[in-house]
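Novice: Before I ask anything, here is the structure I am working with.
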Amino acid sequence: MKILHLGTDEKFINAARKSYEIAFPDQNYFLILGAEDKSSLKNISFEDGLSTLSQKDCFKADRKEQIEDLIRESKVLVFHGLGPMHRAVFETYSEISQKIFVWSVYGIEVYGLYKVKKSTFAPKTFFKFLLWPFLKEAVNDFLGRNKDQTASMKILKQADYVSILYQEEVDLYRKYELIKKEAKRIAFTYYPADFIIERDAPFVDGKNILLGNSASYSNNHLDAFHHLKKQNLDEIGQVICPLNYGDLQYAKLIAQEGKTVLGDQFDPLLDFMALKDYQSLLQSCGIALMYHYRQQAVGNVLNLIYLGAKVYLSKKNSLYWFLKRIGIKVFSIEEDLVASNASAFAPLSESEMKDNRTKILKEISLDQVVKELKTNLSQHL
């Protein structure tokens, strides 16, 4: 074991293990934080090369010795995300600071920070739902009460590598001074195209619009409704809005507001759907509207582009600029989804769909991910 992975019981860990094992066979070990034992794991599908560390065991003498041995044996430490248990381990085991430290980005550890989070919500969403919570958090930040956030930022500054797909997001972290200047990027994604895409999947064929990816404030649903109601919706079918994952109370409010603004054309998804049924639904969506100001639902967006959907993103989203840079035909909500654009809901041509698909496969393949891991980490093993 040369690479020690610290993560939680998330489905992302399964995907990470596949990529890392291809790059470095039999050199990876996973410590799952916050879990009582292997039998309690709900999302992780492997058992070999894995152990768990519960919160109550983190500071016990016998477990501390075992964890210290794991850290001592390893050459590289990979933090998958950064939560309370990651902080506890980092602060408890001093040997960590002597290892090559890779921070594999989830997103919430960045966009949960007040200094970053305050820029991720569009105006209508912010003033409707978040004004008072933010005022309270602003006071706490001014008084130095956000101790967990301060601790997280201190850890992020220790990272030798930032593991995330595209440079535009790393540039954002530098802007907010979350990482040290010499930190390097590993172009890594938990879901390369090979993992999330059926190579011979048919292109989308329908007039429905997919709006957002979950019941979370960062989807900026209210502001998306504002843009949509300015359009001639006679050209489209249904506005399908996934709300069956996330904040259930928020989901109910958005379902009501969507019906008020868009009428019977608004179709909120409030109940669980099997993956096969959801993929079938995506085939009916020729347009996708993702009004995130932050990188979010990256796997969903790449999948939609591969399927041939015409995808609208905010120019404030770093993902938009990455896709533009690699030549993907993607559209801006602010500039392209406007009343004066008569072709706003016109689908992509077949040649545009094929070109987007080719570029997705080239830029975000498993081969590319494995190559990036080897190029950056082999020297440390």
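Every number in this text was worked out from the coordinates using simple rules, so none of it is lab data. Quantities reported herein were computed from a predicted structural model and do not represent experimental measurements. Cβ coordinates were reconstructed from backbone atoms using ideal geometry, including for glycine residues, and neighbour counts include every protein chain displayed.
Novice: Mind checking which aspartates and glutamates have their Cα closer than 17 Å to the Cα of Lys154? Skip sequence neighbours fewer than 8 apart in that chain.
Specialist: Qualifying aspartates and glutamates at Cα under 17 Å: Glu91, Glu95, Glu109, Asp141, Glu177, Glu182.
Novice: What is the chain's relative contact order, in percent, from Cα pairs under 8 angstrom and six or more apart in sequence?
Specialist: Details: 627 pairs, mean separation 58.4, N = 381.
Relative contact order for the chain comes out at 15 percent.
Novice: On to the next question. Starting from the Cα of Lys371, draw a straight line to each of the lysines and keep only those under 20 Å, dropping any in the same chain fewer than 8 residues away.
Specialist: Lys2, Lys18, Lys75, Lys184, Lys359, Lys362
Novice: Here is a follow-up. When N counts the residues of the chain, how does its alpha-carbon radius of gyration compare numerically with 2.2 N^0.38 Å, as a ratio?
Specialist: 1.03
Novice: For Ala183, what is the net charge nearby, where nearby means another residue's Cβ is under 13 Å from its Cβ and Lys, Arg count +1, Asp, Glu -1?
Specialist: The answer is +1.
Novice: Quick one: length gained pulling Ile196 to Glu68 fully straight, 0.36 nm per residue minus the C-alpha distance?
Specialist: Extra length available between Ile196 and Glu68 comes to 42.5 nm.
Novice: Could you give me D for segment 131-285, from Stokes-Einstein at 10 °C and 1.306 mPa s, where the hydrodynamic radius is the Kirkwood radius over C-alpha pairs? Units µm² s⁻¹, please.
Specialist: 83
Novice: Between segment 279-330 and segment 69-95, what is the separation of their alpha carbon centroids in Å?
Specialist: Taking the Cα centre of each part, segment 279-330 and segment 69-95 sit 34 Å apart.
Novice: Counting each DSSP H run of 4 or more residues in the chain as -39500 (n - 2.57), what helix-only mean residue ellipticity at 222 nm follows after dividing by all residues, to the nearest 500 deg cm²/dmol? Each step should come with its number before you reach the end.
Specialist: Details: 17 runs with 155 residues, N = 381.
For the chain, the value works out to -11500 deg cm²/dmol.
Novice: Something else: Give the aspartates and glutamates reachable from Lys316 as a straight Cα distance under 18 Å; neighbours fewer than 8 places away on the same chain don't count.
Specialist: The qualifying aspartates and glutamates are Glu168, Glu169, Asp171, Asp223, Glu334, Glu335, Asp336.
Novice: Arg17: net charge of surrounding residues, Cβ under 15 Å, Lys/Arg +1, Asp/Glu -1, itself excluded? Write down the numbers at each step before the final one.
Specialist: On the way: positive: Lys2, Lys11, Lys18, Lys38; negative: Asp9, Glu10, Glu21, Asp26, Glu47, Asp48, Asp194.
Here the charged neighbours net out to -3.
Novice: Among Leu275, Gln256, Tyr217, flag the residue with its Cα farthest along the positive direction of the charge dipole of segment 176-275, charges on Cβ as +1 for Lys/Arg and -1 for Asp/Glu.
Specialist: Of the options given, the answer is Tyr217.
Novice: Could you tally the net charge around Thr8, taking each other residue with its Cβ under 12 Å from the Cβ of Thr8, Lys/Arg +1 and Asp/Glu -1?
Specialist: -1
Novice: Given an 8 Å cut-off on Cα distances and at least 6 residues of separation, report the relative contact order of segment 137-221 as a percent.
Specialist: 23
Novice: Moving on. Expressed as a whole number of Å, what is the distance separating the alpha-carbon centroids of segment 96-137 and segment 150-226?
Specialist: So the two Cα centres are separated by 13 Å.
Novice: Sticking with this one: With springs connecting C-alpha atoms under 10 Å apart, model the chain as a Gaussian network and identify which of Val162, Val298, Val139 has the largest mean-square fluctuation.
Specialist: Val139
Novice: Rounded to the nearest 0.05, what FRET efficiency do Glu177 and Leu143 give with R0 = 25 Å and r taken as the Cβ-Cβ distance? Could you check?
Specialist: The value I calculate is 0.75.
Novice: Turning to a different aspect of this structure: Take peptides 291-297, 128-134, 366-372 and line them up by average Cβ neighbours within 10 Å, highest first, as a rough protection proxy.
Specialist: Highest to lowest by the protection proxy: 291-297, 366-372, 128-134.
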